[in-house]
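What follows draws every value from the coordinates through simple rules; no lab data is involved. None of these values were measured; they are calculated from a predicted model. Every residue, glycine as well, gets a Cβ built from its backbone with ideal geometry; the counts of neighbours run over all protein chains shown.
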Amino acid sequence: MPEIKKILVANRGEIALRIMRSAKELGIKTVAVYSEADRLSPHVKYADEAVCLGPPPSAQSYLLGEKIIEYCKKLNVDAIHPGYGFLSENAEFAKSVQDAEIIFIGPDSEAIRLMGDKLQAKDTVKDYNIPMIPGTDKAITDIFKAKEIAEQIGYPILIKAAAGGGGKGMRAVFKPDDFEEQMKLAVNEATSAFGNGSVFIEKFFTAPRHIEIQIMADAQGNTVYLFERECSIQRRHQKVIEEAPSAVLTPELRKKMGETAVKVAKACNYKGAGTVEFLYNNGDFYFLEMNTRLQVEHPVTELITGIDLVREQIRIAEGHPLSFSQNELEILGHAIELRVYAEDPTNNFLPDIGKLIKYKKPEGIGVRIDDGVEEGMDIPIYYDPMISKMCSYAKTRDEAIERMIRAIDDYKVNGIETTLPFGKFVMQHEAFKSGNYNTGFVNEHFSPEKLYEENKDSEEIAAIFASKLITEKRNSLRDQNQSETKANSVSLWKLKRM
């Protein structure tokens with residue numbers, strides 16, 4: 001049985017730090033990789049060793065798999081943990097790591113390949129009685145044939161990229177007249193994002209809930225589920241708030257979904273930590289996809305189970321069996337996670353890159369912050385604009401919500417806009433507090449005006465809107481001056497022509 005003595009974390013920021021902390025507790029040395037933009041980042045300082053991969057763009061640094069493997073050989077690294085994003089679901093990279101006789105802390109390359117393509121994933125699990133969303137099971141390129149299929153399924157439908165996620169290459173179509181245009185856009189976006197324009201069609205549910213099941217599997221054939229996470233609060237089809245457990249699942253449904261997730265994992269001979277995602281609609285659930293890596297929202301599962309998922313990943317990679325059984329797992333309280341992004345909720349959640357002039361994290365019982373930044377740092381434009389993952393934990397859901405509100409109020413970030421005000425808006429909204437919400441929450445309930453109205457007594461919200469009003473006024477005056485200048489120039493040109 002191999003013993004891991006040194007791990008290279010092929011990632012950056014908060015997830016790199018989070019992995020290194022678990023490794024340190026196990027007495028394992030760590031190696032950080034970084035781009036020139038991350039030279040002074042906390043994860044670089046925390047590691048026992050650190051190597052620079054190259055310039056800031058990820059294609060010239062964090063995505064250089066062969067270069068990462070070369071450093072592993074030079075530094076006598078036993079294992080690579082990919083974190084999430086970047087190379088974490090790259091089957092070719094996983095295979096290259098294994099071929100180099102380095103342990104890949106995650107599933108084998110074949111499982112990643114099978115689950116990495118949504119259509120291949122559907123085909124892999126079809127013999128396991130897994131509930132599927134009505135739709136196609138093959139890629140479609142012919143627009144007219146695709147339109148016929150869409151009409152057979154019944155509108156509204158969803159066009160989805162087969163090779164990706166994160167909302168890219170995804171288009172909802174509500175009527176036949178819009179189909180051709182939306183399919184062309186989906187194919188183009190999928191090609192641009194993933195280098196693969198393959199798309200497929202599914203029935204579109206207008207008010208579903210997004211629920212995922214955390215699974216863990218060892219090399220001895222033991223597979224368990226660590227309950228669910230509700231991920232329905234999203235913007236641009238991307239998660240921003242998650243909670244565990246879900247407010248909608250009964251114990252019977254939780255067991256059924258968990259056992260279904262285990263079947264999906266067994267279908268691809270899975271090993272390690274993974275997540276099986278489902279859509280829940282009116283009492284029924286449907287398989288969406290499997291993420292063959294650690295998820296951003298894994299801390300809420302750790303909080304309600306007491307299991308260190310990264311520690312378990314490392315043990316499994318060493319060949320150990322799971323340290324717990326399904327019968328030993330239980331839900332202990334309630335946890336909520338807010339992804340604190342450098343984004344402006346009042347401007348369609350667009351990134352708001354800049355310097356962290358002030359950065360003070362909340363403290364106190366039941367609050368967990370996973371971050372990878374420090375006061376005075378710049379948030380690089382080259383990567384995902386996440387600042388931190390903030391979790392609240394308590395005995396009950398109501399207490400976890402109140403604790404999250406307190407933590408948001410105590411979190412001080414100046415210099416950039418963040419999703420903190422949006423998080424407070426959600427926590428205080430009756431739809432969320434009642435547990436009666438779905439993936440349409442942002443479109444149905446949120447707007448900049450509502451954010452201001454419900455938080456107008458907040459000095460921070462008032463400052464945000466005052467700043468925006470000043471900016472809008474300046475832009476208006478600038479546009480007016482430019483128009484007047486242009487008009488005067490035209491008039492002068494006319495006079496010269498006369």
- If contacts are Cα pairs under 8 angstrom and at least 6 residues apart, what is the relative contact order of the chain in percent? 13
- Task: When a/c is below 1.5 the answer is rounded, else prolate if a/b is larger than b/c, else oblate, so apply that to the stretch 325-397 with a ≥ b ≥ c taken from the square roots of the Cα gyration tensor eigenvalues.
- Result: prolate
- Residues other than Arg113 with Cβ under 13 Å of its Cβ, Lys/Arg counted +1 and Asp/Glu -1, net out at -4
- What lysines sit close enough to Lys95 to cross-link, taking a C-alpha to C-alpha distance under 22 Å and skipping anything fewer than 8 places away on the same chain? Lys5, Lys6, Lys67, Lys73, Lys74, Lys118, Lys266, Lys271
- Item | Only Lys, Arg (+1) and Asp, Glu (-1) charged, at Cβ; the stretch 134-203 dipole about Cα centre in debye | 200
- Note on the structure: Here the relative contact order (percent) of the stretch 209-454, from C-alpha pairs under 8 Å and at least 6 apart, is 20
- Message: For a test of the definition: using alpha carbon positions, the gyration tensor, and the 1.5 limit on a/c, classify the chain as rounded, prolate or oblate.
- Response: rounded
- Show me 386-393, 437-444 ranked by packing, highest mean number of other Cβ atoms within 10 Å first. 386-393, 437-444
- Antiparallel %, DSSP beta bridges [both residues in the chain], to 5: 80
- Query: Separation between the Asn76 and Thr206 pseudo-spin-labels, each 7 Å from Cα along Cα→Cβ, expressed in nm?
  - Reply: 6.5
- Note on the structure: For the stretch 6-105 the translational diffusion coefficient, Stokes-Einstein from a Kirkwood Rh over Cα pairs at 25 °C and viscosity 0.890 mPa s, in µm²/s, is roughly 188
